[in-house]
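**Q** Once you've had a glance at the structure underneath, I'll fire off some questions.
None of the figures in this text is laboratory data; all of them are computed from the coordinates on show. Remember, predicted model here, so these are calculated numbers, not experimental data.
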Amino acid sequence: MIDYLKTHKPFEIENANKFREEIADLGSINPILIALGSGVYQILVRNFKNEYKFKKSLILVIGDARKNIEKKLVPFSNMERFITSNQS
């Protein structure tokens, strides 16, 4: 998907605009967006660097990457502490 977006800018821009609308519909003020991985983080930087704050999540990969991969995210109960400790 990341490679597709790099070569199909109108598609990325359209989806970024839809995402802006979704955030507005939620009525969120100054949200901090959590990027699930470096690729998503790069997309956020390209499209929202002057609009929102965002952070990369901590993703741990457990097990053999060629077989079953289990991804564990920072639990939402710990998210506030994660955001606070990683703010730039």
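**Q** Quick check: residue separation of I2 and E14 times 0.36 nm, minus the Cα distance between them. What number comes out in nm? Present the calculation step by step, with values, prior to reporting the outcome.
**A** On the way: separation 12, 0.36 × 12 = 4.32 nm, distance 1.49 nm.
Value of the extension gain: 2.8 nm.
**Q** Which ³J(HN,Hα) values, rounded to whole Hz and listed in residue order, are derived for segment 25-33 from phi using the Karplus coefficients 6.51, -1.76 and 1.60 in 6.51 cos²θ - 1.76 cosθ + 1.60 with θ = phi - 60°, glycine and proline given as x?
**A** 3J(HN,Hα) across segment 25-33, in whole Hz: 4, 6, x, 6, 10, 6, x, 10, 8.
**Q** Now a separate question. Would you pull out the residues with amide H under 5 Å of F54's amide H, same chain only if 5 or more places away, H placed 1.01 Å from N?
**A** HN-HN under 5 Å from F54: L33.
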